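Asker: I am attaching a structure below and will ask some questions about it afterwards.
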Amino acid sequence: MTKDMDPMFPGAIARGRAATRAALTVMLAAMVALGPLAAYAAGTQIYDSKTKKWVDYDSRKARQYYARNNQAPEAFRRQVVTFRTAERPGTIIIDGNQHFLYLVQPGNQAIRYGIGVGREGFGWAGIVRVGRTAEWPTWTPPAEMVARDPNAAKWAAGMPGGPENPLGARALYLYEGDQDTIYRIHGTAEPWTIGLDVSSGCIRMINDDIIDLHSRIEVGAKVIVLMQGAALYKGV
Amino acid sequence: MPGTKLWGRAAAPQVGILVFLGLAAGCSTTPPPPEEMARTVTETAPADLQLMCASAAAAPSGVDSAKILPTGSRRVDARTFNVDLDAGGRKFACLIDDSGTVTSVQPA
């Protein structure tokens, strides 16, 4: 088990963003738990096969779809797609605008997974790497959240990993050089949020998908996060 | 205006055909394949095309392609995307078509 979302997170994103990082860390932990309350997908639409129309995909629509189908819309399900790139197999590419994570495979192919990403103002971009991973990571709410939320207070010392844990089944910790960026690719206890802009910058996947991705990647894998909307540019 | 009236009568069959064809086209709209049943209102370049632009910018920028990051993209026309790139702090603009052919990389 590994602790996560500790507000005293020791890493640092370079270029004088310490204050932003501290604020993001707090918000990150809060939004891991509260994300769906503020969920929306900026401009995402899905094709409704019954009406043969494109319809806006927001949190209400996402919940309805998941309740009916017990899975995300087909476009957000794991699948092999053509992906023309010179990046090495094993590289992870995150397209937050489209809500897809690609794991590069040989032969101009990639495994594509659906993801939930940062809501407006919480997107970011950069070239980072998987610094470490954890199975069923512990989630630790920040002190501010513990102070105001009795439900969070009972997990002040850390919520053990499990199906109800906001981080889900696995977490891939993204590093810039040797520094933890505070961003993670992780599972979720709220699978209907895939395809939405819900987080404070983390990339969430359904637990089956993060388990699959975790089994395929190596620590040190390159991760390219493409610009999402008016995202923060973290540099390379 | 007699001319207008004449045009209206003469064009009626054609208009009817056009309306019929329009309705028929609407009825027979082919749904996208399952993997394409999601989209964004603001269309950005596919991820692989953005990265192909980053690779193509290595030579003109003199920067290792591993350090060039797409920072934005948009559709220019039916076949072409513009991709903004950051190459070690220098900005470049790349044009690429949907087949993956880079048509230009220039300082922005």
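Asker: With a 1.4 Å probe and all protein chains kept in place, how much accessible area does residue B:63 have, in Å² rounded to the nearest 10?
Answerer: Approximately 30 Å² for this residue.
Asker: At the nearest 100 Å², what buried accessible area, both sides summed, do you get for B and A when the probe is 1.4 Å?
Answerer: 2700
Asker: For region A:69-168, which GluC sites (Glu not before Pro) pass both filters: DSSP loop (anything but H, G, I, E, B) and at most 14 other C-beta atoms within 10 Å?
Answerer: Those that pass, being in a loop and sparsely packed, are A:120, A:164.
Asker: Given axes a ≥ b ≥ c from the Cα gyration tensor, I'd like to know whether region B:38-108 is rounded (a/c under 1.5), prolate (a/b larger than b/c) or oblate.
Answerer: Here region B:38-108 falls in the prolate category.
Asker: DSSP loop (so not H, G, I, E, B), at most 11 other Cβ within 10 Å: list which trypsin sites (Lys or Arg not before Pro) in region A:140-200 pass both filters.
Answerer: Passing sites in region A:140-200 are A:154.
Asker: What figure in square angstrom, to the nearest 10, would you give for the accessible area of residue B:53 with a 1.4 Å probe?
Answerer: 0
Asker: Hey, another quick one. Whenever you get a sec, line up A:159, A:205 from highest to lowest accessible area (probe 1.4 Å, protein heavy atoms).
Answerer: A:159, A:205
Asker: Put a dot 7 Å past each Cα toward the Cβ at residue A:86 and residue A:143; how far apart are the dots in nm?
Answerer: So the label points at residue A:143 and residue A:86 sit 4.9 nm apart.
The values are calculated or read from the model by the stated rules, or taken from the named source; none is laboratory data. On a predicted model such as this, the values are computed, not experimentally measured, just so you know. Because the Cβ atoms are built from the backbone with ideal geometry, glycine has one as well, and the counts that use them run over all protein chains shown. To get the accessible areas, we keep the full protein, side chains included, count just its heavy atoms, and leave off ligands, DNA and RNA. Shrake-Rupley method; radii C 1.70, N 1.55, O 1.52, S 1.80 Å.
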